[in-house]
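Have a look at the structure below before the remarks.
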Amino acid sequence: MSTGDLDTVDAHVARVLAAMHPLAPVELPLADAHGHVLAVDVRSRLDIPVFDNSAMDGYAVQHADVAAASTDRPVALRIVAEVAAGSADDPLFGAGEAVRIMTGAPMPSSADAVVPVEHTDAGHPVVTVSTSPRPGAHVRRAGEDLRAGDAVLSAGVRLTAARVSALAAAGLAHVAVRRAPRVGVISTGSELVAPGHPLERGQIPESNSLLLAGLVREASADIVHVATVPDDEAALLAELARGLDAGAEVIVLSGGVSVGAHDVVKATLAPLGTVGFHRIAMQPGKPQAFGMLHRGDDPPTPVFGLPGNPVSTAVSFEAFVRPALMRLQGALDVQRPRIAAIAAEGWRVPSARVQFMPVVLLDADDLVDAGSRPLVRPATRGGAGSHLVGGLAAADGYAIVPADVDEVRGGDPVTVMLVAS
Ligand code: AMP
Ligand code: MG
């Protein structure tokens, strides 16, 4: 078959992303912000550290007093006060004196160094110091990490635990983030029955809705509707309406996008004129539907129609739907992480189509020395067939073999999109 009329994967990604506009920012308390994408650049409101403070439990001293201290010639200092973390005290002291100080306590104005308790006899009320600290030793200076006004985080990063805590340290209580997109998932197919249900001739367990709902959640989006419909146009239209009623801002369909006699997604959505049916130069995943559902005065709702073979569905989600969900969240990085790996064995590759091959990473013991690139092999022994759902469960990712590569041999470098963590 001619491949000249197929769209490239990149062109379809671009088509999809062009239709996605980041959701309006919402202001959330920091305690609720974890996992969301930051909507604004954030600058610190505080110097970090906020004030000069002790990095150790020990003694705040005047450096001149202890400059000559050593094990042979220890120096005795009289302790005149104690400051703990949280104390507002600023005890003044003079030559020959010291203040007991705890980690995080503000440095007394009279002091210019801290002697850790380990370098003393810990005596009280007179402490004997047996090492000489550098001037300024063990003092964390105000602003040495960040100055008020310095950039902390940029818009488009996802808020990890460490990033949320950095925002707190920078003096914020709330932050503007993009909320999770609301997604509806509908599987189509008259052969599909609920998992575990007894199977009659011609029936199979429905699995794509679990796959898609899980992948939606892995993309930090919310599932608001999940359903399975038979290959029936009225049933699909009714279910689409229920998905929109449930608040779906994106609808993901599986199955029924090819040219079969009962391909219900194509039969139902093609006549609307707002959903395109495309053929993409990829394997698996060639037939792809994408477009907009319009209802009344509502904003249009993006709808994806993915091919129903479970591996095709999974690959199509990673290639097109996940980037779209990331763009809606304003994420700068819309792709899963990719690594450079080495094929442990060869496999068959289609000509003139990008191949997404489910692969497993071999154990660290098997790492290739040169550059320490991990070895991968196909997750299924059966080859690249898009119906080999069993291999998906084993796969750590997809080797992405470019359209102009006609062969993968053992030892060849391959790019792998990681999907399991
Ligand atoms: P389709 O894209 O509708 O032509 O389906 C392609 C193949 O994937 C057929 O063998 C279907 O039975 C299977 N399939 C479609 N949808 C699902 C689903 N939700 N769960 C499991 N298998 C499916
Ligand atoms: Mg079908």
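The values are calculated or read from the model by the stated rules, or taken from the named source; none is laboratory data. Quick caveat, the model's predicted, so the values are computed rather than measured. Note that we place each Cβ from the backbone using ideal geometry, even for glycine, and neighbour counts take in every protein chain shown. The protein model used for the area step is the full one, side chains on, heavy atoms only, and it has no ligands, DNA or RNA in it. Shrake-Rupley method; radii C 1.70, N 1.55, O 1.52, S 1.80 Å.
Measuring nothing but protein heavy atoms, the accessible surface of the chain at 1.4 Å probe radius is 53 percent carbon and sulfur.
Mind telling me which of ALA95, ALA219, ALA19 comes out most flexible in a GNM of the chain, alpha-carbon contacts under 10 Å? Ranking ALA95, ALA219, ALA19 by mean-square fluctuation puts ALA95 first. Residues in the chain average 47 Å² of solvent-accessible surface per residue, probe 1.4 Å, ligands and nucleic acids excluded. Comparing SER54, SER312, SER207 in a Gaussian network model of the chain (Cα springs below 10 Å), the most mobile by mean-square fluctuation is SER54.
Take every pair of alpha-carbon atoms less than 8 Å apart whose residues are at least six positions apart; their mean separation over the length of the chain yields a relative contact order of 16 percent. With a 1.4 Å probe rolled over the protein heavy atoms of all chains, the accessible area of ILE339, ILE400 falls in the order ILE339, ILE400, largest first.
With both labels modelled 7 Å from their Cα along Cα-to-Cβ, the ARG348 to HIS34 distance reads 4.8 nm.
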